[in-house]
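A short reminder: the numbers here are calculations on the coordinates, not readings from a lab. Keep in mind that what you see is a predicted model, and the values were worked out from it rather than measured. Because the Cβ atoms are built from the backbone with ideal geometry, glycine has one as well, and the counts that use them run over all protein chains shown.
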Amino acid sequence: MGARDQAVLHTVMLLGGGAASLMCAETLRQENYGGRIIMVSRDDLLPYDKTRLSKIMNAESDSLLMRKIEFFHKYDIEVWLKKEALSIDTKKKTVTFDDGLIQCYDQILIATGCRAKSLDCPGADLENVLMLETPEDARSIHYACMGCRTVVVGTSFVGMEVAAYMINMASSITIIGSSELPYQKTLGPEIGKVTMMMLEERGVKFHMNDAVAEVQGENRRVKAVKLKSGITIEADLLIVGIGVNPNSEFLKGSPIRMDPKNYVTVDKYMRTNITDVYCAGDLTCFPLKMAKGQNVSIGHWQIAQAHGRIAALSMLHREVELNTVPFYWTVLLGRTIRYAGYGEGYTEMVLKGKFENMKFLALYIKDDEVVAASGLNVEPAVSVVAERLAEGRVITKAEAESDDLRWLKLQPM
Ligand SMILES: Cc1cc2nc3c(=O)[nH]c(=O)nc-3n(C[C@H](O)[C@H](O)[C@H](O)COP(=O)(O)OP(=O)(O)OC[C@H]3O[C@@H](n4cnc5c(N)ncnc54)[C@H](O)[C@@H]3O)c2cc1C
Ligand SMILES: *[C@@H]1O[C@H](CO)[C@@H](O)[C@H](O)[C@H]1NC(C)=O
Ligand SMILES: *[C@@H]1O[C@H](CO)[C@@H](O)[C@H](O)[C@H]1NC(C)=O
């Protein structure tokens, strides 16, 4: 990895201090970019591993850092913390920050990610209605749930992980989900059912097909959660994990193209429609090669990193096409479920092993082809599927249904 060459008068600004931004900075230096790199983040912490927030909730901030401060010094990557971008002028090539600073750039990466969506109902602003975004939030939830009647809204990855984490800590845990089963649209109802049972066995209660109508409080603190169905649950703490909104407000008024949901649209080189403006990570709507170039927004750590790398190469005019297969993992009660591919709209599932045995591989089929896989205790099968998809080699339904599992590097199950 190289460092800055003072003779190079060129500045790359990276907005955001997350996975995408850090990978972009590192790739630029690996590829011997000698200009100035300024990473600006509204966080008060150097880039950290966000995925651990819902898994080890009382971690010290320092233990979550992706790189120590010495690393940034050594490779001349300036990191400006606690600074929020308010607007961008793509003609003058400047960004205005909340402290009044106006900074110029030659090329810019926008990687401001997404933030947790808040509840939209009476009482949503009570003191102990918490969301999980920062290490501080994670620690607050860890300490606040001790011995408390806790309600979690949301049965996607974050909600389920947080609920599982609080087992043996909270006095009771109730999860509210808007679908029939957890992960209904992602891992599918079958896995939703097993994971629900896993948590139920440990005393977690579920109210599915329901939603929060009102959070009732006393002295600004949650007392009860009233559901649309009419049920009222007494509670001392409410945790909200109902999805995300893109951090793109500051781009309004700029000519950078966004989709109807305000995600920034990019091409396979992570270029926006404005020259020298790139975007990467959770904030993007990007063409997914393995899904026939469909434009998608996917919030995965691994994708954000892949985007950051491709954006850096594009900045250096060494265009490499993005060709990544989405990969995700989630940890529940010490068990890791891995997922690869893009299963949206799958119509069938081929199952190897048994859910009850906590050892299974699910292959998601669309148009007679495998489009995604998820698995528990079947390493390395999910990665094998990911590799195949990345190589552009079709996995047929017939192949998926065959009892010969050697291609998956698995013994017969
Ligand atoms: C609790 C939790 C658990 C997760 N677990 C997993 C997991 O197990 N596996 C997985 O694959 N993914 C997981 N994810 C998702 C993963 O963390 C994201 O996909 C990834 O962090 C996206 O990286 P990013 O760089 O696009 O954005 P982020 O990491 O969100 O970084 C965005 C950065 O932009 C900054 N910012 C925002 N607005 C501004 C502004 N106006 N000015 C300046 N800075 C700004 C933010 O402060 C932040 O530094 C999890 C996410 C959360 C919240
Ligand atoms: C980029 O897209 C926006 C929104 O669609 C549009 O208004 C703008 O003219 C485009 N700019 C360029 C240079 O293509
Ligand atoms: C994806 O979005 C781009 C605009 O960024 C558009 O030109 C393209 O046609 C879209 N692709 C598909 C497959 O819809």
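Computed from Cα atoms alone, the Kirkwood hydrodynamic radius reported for segment 290-354 is 14.3 Å. Counting only DSSP H runs of at least 4 residues, each contributing -39500 (n - 2.57), and dividing by the residue count of the chain, the helix-based mean residue ellipticity at 222 nm comes to -6000 deg cm²/dmol.
Here the calculated FRET efficiency for Thr336 and Lys82, from their Cβ-Cβ distance with R0 = 41 Å, stands at 0.75, rounded to the nearest 0.05. Across the options Gln184, Val153, Asn377, the greatest Cα extent toward the positive end of the charge dipole of the chain (unit charges at beta carbon of Lys, Arg, Asp, Glu) belongs to Asn377. The order of Val240, Val384, going from fewest to most other C-beta atoms within 10 Å of their C-beta, is Val384, Val240.
Under 16 Å from a label point set 7 Å out along the Cα-to-Cβ vector of Asp403, the amide N atoms of segment 333-368 belong to 351-354.
Extension gain for Arg221 to Lys252 (0.36 nm times residue separation, less C-alpha to C-alpha distance): 7.6 nm. Neighbour counts of C-beta atoms inside 10 Å place Cys279, Cys121, Cys145 in the sequence Cys121, Cys145, Cys279, starting with the fewest.
Taking every DSSP beta bridge that has both residues in the chain, what percent is antiparallel when rounded to the nearest 5? Could you put the intermediate results ahead of the total?
Details: 51 of 84 bridges.
So the antiparallel bridges in the chain amount to around 60 percent.
In terms of the mean number of neighbouring beta-carbon atoms within 10 Å, the peptides 280-291, 355-366 order highest first as 280-291, 355-366.
The base-10 log of I(q)/I(0) for the chain, evaluated at q = 0.06 Å⁻¹, reads -0.27 [Debye formula, identical scatterers on Cα atoms, solvent excluded].
Counting other beta carbons within 10 Å of each residue's own, what order do Arg335, Arg271, Arg309 fall into, fewest first?
Lowest to highest Cβ neighbour count: Arg335, Arg271, Arg309.
A simple spin-label model places the labels of Ala390 and Asn245 3.5 nm from each other, with each point 7 Å out along Cα-to-Cβ. This model, with +1 at the C-beta of Lys and Arg and -1 at the C-beta of Asp and Glu, gives the chain a dipole about its Cα centre of some 200 debye. Three principal axis extents of segment 41-186 based on alpha-carbon atoms, in descending order, are 53, 35, 31 Å.
Cα gyration tensor of segment 334-408, axes a ≥ b ≥ c as square roots of the eigenvalues: rounded (a/c below 1.5), prolate (a/b > b/c) or oblate? Don't jump to the answer; show the numbers that get you there.
Details: a/c = 1.45, a/b = 1.40, b/c = 1.04.
Rounded shape, in that the Cα axes give a/c under 1.5.
Placing +1 on each Lys and Arg Cβ and -1 on each Asp and Glu Cβ, with no other charges, gives segment 203-273 a dipole about its Cα centre of roughly 200 debye.
Take the Cβ atoms of Glu200 and Asp267, set R0 to 45 Å, and the FRET efficiency comes out at 0.50. Backbone amide hydrogens, once placed in the peptide plane, bring Ala211 within less than 5 Å of Lys228, Ser229, excluding anything fewer than 5 places away on its chain. Within segment 224-366, antiparallel bridges make up roughly 90 percent of the DSSP beta bridges whose residues both belong there. Counting only residues at least eight positions apart within a chain, or on another chain, the aspartates and glutamates with an alpha carbon under 16 Å from that of Lys261 are Glu249, Asp282.
So in segment 1-85, what percent of DSSP beta bridges are antiparallel if you round to the nearest 5? Don't skip to the end; give the middle numbers.
Values: 1 of 10 bridges.
DSSP beta bridges in segment 1-85 are roughly 10 percent antiparallel.
In a reduced charge model with +1 at each Lys and Arg Cβ and -1 at each Asp and Glu Cβ, segment 66-169 shows a dipole moment near 220 debye about its Cα centre. Extension gain for the segment Leu316 to Tyr143, taken as residue separation times 0.36 nm less the Cα-Cα distance, is 57.7 nm to one decimal. Note on segment 354-413 and segment 261-312: Cα centroid distance 27 Å, given to the nearest whole angstrom.
Once both labels are positioned 7 Å from their Cα atoms along Cα-to-Cβ, the gap between Arg4 and Lys91 label points is 3.0 nm. Taking 7 Å steps out from each Cα toward its Cβ at Glu214 and Asn32 produces label points 6.8 nm apart.
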